[in-house]
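Okay, so here's the structure we're looking at.
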Amino acid sequence: MFKISKYVLYDILKNKVVIAYTVFLFIVSMSLFQMEENSSKAVLSLLNIVLIVVPLVSMVFSTIHWYNSYEFIEVMLTQPISRKKVLLSEFTGISSSLVTAFLIGVGLPVVFYNFNSTGLGLILIGSLLTLVFTSIAFFASVKSKDKARGIGAALLLWFYFALIYDGLVLAILFAFSEYPMEKVTLLLSTLNPIDLGRIYLMLQMDVSALMGYTGATYKEFFGSQIGLIYTLGIMLVWMIVPLLLALRSFNKKDL
């Protein structure tokens, strides 16, 4: 399993798309830190980019790479190797390469310019989002044998998590504005890893006052040690569950 993951990792690290992704993140990060006198403002601007770009690239690249590697996967399955090891090796190789690209492109500038709890939080959330959306991409890819349909499903899922979900939450909060919704908003935030990462980092930047009364509720919960453990736990669930579903579907799939 390790040998397959190592091969996939080395192969992807030489991929021009991954190199371009790394360079893009690095240039954007350095530019923001150099333009802003206050490094905290630069981190906030970088957060908005990370929450959109990282899930999108993780979803699309993982999906495309899965379909492009289909012949390699079939060859591996002719060997005395279980489907579980092949799938997990592919996931490990792809996710490791994307996390490495993120750590170089965003992590290095953040460590250099803003090495504190906020900066480390951004690195942590960006890495977790990479793992989460790579896992979701694997599930979408395994479920659909057609490449165009799989890529379309991945894009629709990203569109839902990045844009549509926020609109649905706002509609729910507006419709039930006369009722106490503090606990409900906490629950709703866990149903979207992007929202969960955004809330956690905004509280690390101490801008909860901009979020009104709800921000105070978030601050009380997510600002505590339990909140950190809860955030990490939910992110891990978002990573593990789609991967297990992909593994289950892959084991039953007729190749």
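Just so it is clear, none of the values below were taken in a lab; they were calculated from the coordinates. Computed from a predicted model, the values in this text were never measured in an experiment. Note that we place each Cβ from the backbone using ideal geometry, even for glycine, and neighbour counts take in every protein chain shown.
When Phe91 is tested against (1) surrounded by 15 or more Cβ atoms within 10 Å (Cβ to Cβ); (2) farther than 26 Å from Met235 by Cβ, only condition (2) is not met.
Table: residues versus (1) exposed (fewer than 14 other Cβ atoms within 10 Å of the Cβ); (2) among the polar types (S, T, N, Q); (3) in contact with a Ser or Thr (Cβ under 9 Å, 6 or more places away or on another chain).
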position	(1), (2), (3)
Val99	no, no, yes
Ile104	no, no, yes
Phe139	no, no, yes
Ser144	no, yes, no
Ile151	no, no, yes
Leu170	yes, no, no
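With respect to (1) surrounded by fewer than 23 Cβ atoms within 10 Å (Cβ to Cβ); (2) touching a residue at least 24 places away in the same chain (Cβ under 8 Å), the lone exception for Met59 is condition (1).
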